[in-house]
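S.K.: Just passing along the structure, written as structure tokens.
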Amino acid sequence: MQDQWLSMFFCIISVGKAAYFFLRDKIIGIIGLGNIGELLYKFLKLFGIETLLCDFLLQESGVNENW
């Protein structure tokens, strides 16, 4: 599972390099905060990258977050 979110992160970085933009200038949206989404969110947060989160199941269960 760690390989999946790590490869997703490096994919985002490689797209950024190809399009000549920096992640610190962007907002990343994460849909679903399961295992991979949560790990990706924590990793992006470590680097100070702004994120938007969307998880319908957590929202409906009453978890208080910025959805």
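Please treat every number below as a calculation from the coordinates, not as lab data. Fair warning: this is a prediction, and the values are worked out from it, not measured in the lab. Glycine also receives a Cβ, built like all others from the backbone with ideal geometry; neighbour counts cover every protein chain displayed.
S.K.: Rounded to whole Hz and in sequence order, give me ³J(HN,Hα) for the range 41-55 from the Karplus expression 6.51 cos²θ - 1.76 cosθ + 1.60, θ = phi - 60°, writing x for Gly and Pro.
M.R.: Using θ = phi - 60°, the values come out as 4, 5, 5, 5, 5, 4, 8, x, 8, 5, 10, 10, 10, 9, 8 Hz.
S.K.: What does the charge dipole of the range 2-60 about its Cα centre add up to, to the nearest 20 debye, if the Cβ of each Lys and Arg holds +1 and the Cβ of each Asp and Glu holds -1?
M.R.: 280 debye
S.K.: Then there's this: Starting from the amide H of Asp55, placed 1.01 Å from N in the peptide plane, find each other amide H under 5 Å away whose residue is 5 or more places distant or on another chain.
M.R.: Gly32
S.K.: From the phi angles alone, apply the Karplus equation (6.51, -1.76, 1.60; θ = phi - 60°) to the range 6-12 and give each ³J(HN,Hα) in whole Hz, x where the residue is Gly or Pro.
M.R.: For the range 6-12, the Karplus curve yields 5, 5, 5, 5, 5, 5, 4 Hz.
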